[in-house]
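Everything below concerns the one structure shown next.
The values are calculated or read from the model by the stated rules, or taken from the named source; none is laboratory data. Note that this is a predicted model, so its numbers are computed, not measured. Cβ sites come from the backbone with ideal geometry, for glycine too, and all protein chains shown count toward neighbours. Each accessible area value is taken on the protein alone, full model and side chains, heavy atoms only, with ligands, DNA and RNA left out. Shrake-Rupley method; radii C 1.70, N 1.55, O 1.52, S 1.80 Å.
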Amino acid sequence: MSLYSETLGNGPDIVLLHGWGLHGGIWEETAAHLAKNFRVTCIDLPGHGRSAAMSESYTLQTLAERILSVVPQQTIWLGWSLGGMLAMQCAAIHPERVTKLILVASTPKFTCSVDWSHGISSEVLEQFAQEMEHDAKKTIRRFLALQLRGSERAHESLAALNHAVFRHGLPATVALRGGLNILRDADLRTHLARITSPALVIAGERDPLIPLQTGDYLAANLPNGKLFTLPKSGHAPFLSHPPEFLLALNEFLYD
């Protein structure tokens, strides 16, 4: 199975990974900006956009292997939300293939547990999973609305997401189900010490899914991590605050 991807620009390679229920087209504005100086590859994750679903189980490991099989041998990685977890997984198992890492509204562990309070409850995620089985389209729209709750420009960002999300049809149910299972079960905390590349953690001050403490944790536990907090932003800062987001990228990429 091959993954659908689009590449534009010339220069050092950078790979962009989207979040749950979406596709690579969500990066349109970011990719156009980066393509002025980089060769940008936007990937549709398996079962999303124009990529076929996988026959294997949806785990961070199997998804990472698929992604690593189609991206350049050495590249910058930029991942948002679930895409950030995948970027961390790839960086942990093959650190030599990661020149720089950018994590946007991402986390090493999405759900709360006894030793991790910086996430959402597994019960909330289970409710989404049950609703998704009955009405995937409605559930995706609800999840997008939740991501942007509290953001300074939530209405405009949500309109952009809703316009883009179903451009290539609904994601495969098996991919949606598998992605939610990853968000429920994955724990990358013990992997962070292996990620040795320079890493930028971009956190939204008003992110309703990923608390600010998560960004602090990532920046402190990644060997070469640094944190950039975007004021008044929710879970999708590249949509709600593109100038500030792109400025943070530029400062990190050209450092």
Selection status of LEU22, hydrophobic (A, V, I, L, M, F, W, C), within 17 Å of GLY79 (Cα to Cα) and in a loop (DSSP other than H, G, I, E, B) | yes
Among residues belonging to segment 184-220 that are open to solvent by 20 Å² or more (accessible area, probe 1.4 Å), at pLDDT below 95 and in contact with a strand residue (DSSP E or B) (Cβ under 7 Å, 6 or more places away or on another chain), point out the one that is farthest from LEU253 (Cα to Cα).
-> ARG184
Among GLU251, GLU156, which is the only one that is open to solvent by 10 Å² or more (accessible area, probe 1.4 Å), within 20 Å of LEU16 (Cα to Cα), in a helix (DSSP H, G or I) and of a type in the set (D, E, K, R)?
-> GLU251
Mind listing whichever residues of segment 1-19 are assigned to a loop (DSSP other than H, G, I, E, B) and either among the small types (Gly, Ala, Ser) or open to solvent by 10 Å² or more (accessible area, probe 1.4 Å) (or both)?
-> MET1, SER2, LEU3, TYR4, GLY9, ASN10, GLY11, PRO12, GLY19
Across segment 221-248, what is the total count of residues that are part of a helix (DSSP H, G or I) and either crowded, with 22+ Cβ neighbours inside 10 Å or of a type in the set (D, E, K, R) (or both)?
-> 6
Within segment 107-140, how many residues are over 17 Å from GLY178 (Cα atoms), part of a helix (DSSP H, G or I) and touching a Gly at 6+ places or on another chain (Cβ under 9 Å)?
-> 0
Scanning segment 186-220 for residues that are in a helix (DSSP H, G or I), under 18 Å from THR111 (Cβ atoms) and in contact (Cβ under 8 Å) with a residue 60 or more places away in the chain gives ARG189, HIS191, LEU192, GLN213, THR214, TYR217, LEU218
Hey, among the residues in segment 27-50 that are under 19 Å from LEU101 (Cα atoms), in contact (Cβ under 8 Å) with a residue 40 or more places away in the chain and in a helix (DSSP H, G or I), which one's most open to solvent (accessible area, probe 1.4 Å)?
-> HIS33
Going by the conditions given, is PHE238 touching a Phe, Trp or Tyr at 6+ places or on another chain (Cβ under 6 Å), under 21 Å from GLU28 (Cβ atoms), at pLDDT below 95 and not small (Gly, Ala, Ser)?
-> yes
Output the residues belonging to segment 112-138 that are within 20 Å of LEU45 (Cβ to Cβ) and either open to solvent by less than 10 Å² (accessible area, probe 1.4 Å) or among the β-branched types (Val, Ile, Thr) (or both).
-> LEU125, PHE128, MET132
